Amino acid sequence: MALKHEPTTPHHSAQDALRVLETVARHTTGVTDAELARQTGFGTERLTPLLRMLRREGYVEQIADGAYVTGDALTRLGSAHHREQALRDKIQHTLDRLRDSVGAAVYISRYVDGEVTITQYADSPATPAVHEWVDFRYSAHATALGKSLLGQLDHNGRRDHLSRHKMARLTSRTITSDKLLLSRLESQPPTMPHLDLQEYAVGTVCAAVPITAGATAGCLALSLPVQHAHRLRQAADTLNRNAAPVLLSLAI
């Protein structure tokens, strides 16, 4: 199985942020934004939002003279001691902020050893998570996050998954034709969110955007009650625009 590497906006943003972060890390006594612009080649219009995001996430800090140095979040993630817990805590904090920003429950899903896995999520009483009435491992054909993950696999990888998991009809809207699903996955632009319009569960709509890091397909997803379906595309756009910090945490 191979991934289809088609860079998306969060991917480019995370790459650019890593470039800035690496430059800051090389200057232990601090580096000015003017010097960062010179060394990275980024103009002010590109560098300013990247620095804003890196400061918000705690990866860089600004010292008294205005120069930038590496922040506590990078130190914690860079340490081998308790790194896994530090990464989970960092991502959870980011997911909690995303939940509040989009007004929906949000999820991180990865495709690990041929299966769909939700690794972390953020919900609240006002933004409840979707009820997993059918195991997400067996319902990739009907969920936004499942379709996003399958969309990042090559054709053989998709066929392998569908050969192991029967495309059961979960609602009247569920696609059960592998030919139709494969055709839609093939034609889906990588920059467009995958949607689930009551295909997994009646009363729930979802969207997912890819956040592939390394050799493992991944995605960010959100779910909304169908009464809020009119907000789905706007929420998905907000999720996509704010996916870079999650991808950056996974890449560090």
Looking only at segment 131-165, count every residue that is open to solvent by 10 Å² or more (accessible area, probe 1.4 Å), touching a residue at least 12 places away in the same chain (Cβ under 8 Å) and more than 20 Å from the chain's Cα centre (by Cα) and tell me the total. 11
Breaking point among (1) surrounded by 14 or more Cβ atoms within 10 Å (Cβ to Cβ); (2) assigned to a helix (DSSP H, G or I); (3) β-branched (Val, Ile, Thr), for THR75: (1)
Exactly one of (1) surrounded by 17 or more Cβ atoms within 10 Å (Cβ to Cβ); (2) more than 16 Å from the chain's Cα centre (by Cα) is unmet by PRO210. Its number? (2)
Counted residues in segment 59-102 being small (Gly, Ala, Ser), farther than 30 Å from THR32 by Cβ and free of Cβ contacts under 8 Å to residues at least 12 places away in the same chain come to 1
I'm trying to understand the selection: among the residues of segment 19-47, which are in contact (Cβ under 8 Å) with a residue 12 or more places away in the chain, of a type outside the set (Asp, Glu) and open to solvent by 30 Å² or more (accessible area, probe 1.4 Å)? ARG19, ALA25, HIS27, THR28, THR29, THR32, GLN39, ARG46
The lone condition ARG38 fails out of (1) part of a helix (DSSP H, G or I); (2) within 27 Å of the chain's Cα centre (by Cα) is (2)
Qualifying residue in segment 94-104 (condition: more than 17 Å from the chain's Cα centre (by Cα) and surrounded by fewer than 17 Cβ atoms within 10 Å (Cβ to Cβ)): no
Single condition SER172 does not satisfy, out of (1) open to solvent by 20 Å² or more (accessible area, probe 1.4 Å); (2) in contact (Cβ under 8 Å) with a residue 12 or more places away in the chain: (2)
Residues located in segment 117-130, provided they are under 26 Å from GLU84 (Cα atoms) and either surrounded by fewer than 15 Cβ atoms within 10 Å (Cβ to Cβ) or among the hydroxyl-bearing types (Ser, Thr, Tyr) (or both): THR117, THR119, TYR121, SER124
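The values are calculated or read from the model by the stated rules, or taken from the named source; none is laboratory data. Just so you know, these numbers come straight off a predicted model, no measurement behind them. Note that we place each Cβ from the backbone using ideal geometry, even for glycine, and neighbour counts take in every protein chain shown. Note: accessible area is taken over every heavy atom of the protein model, side chains too, but ligands, DNA and RNA are not part of it. Shrake-Rupley method; radii C 1.70, N 1.55, O 1.52, S 1.80 Å.
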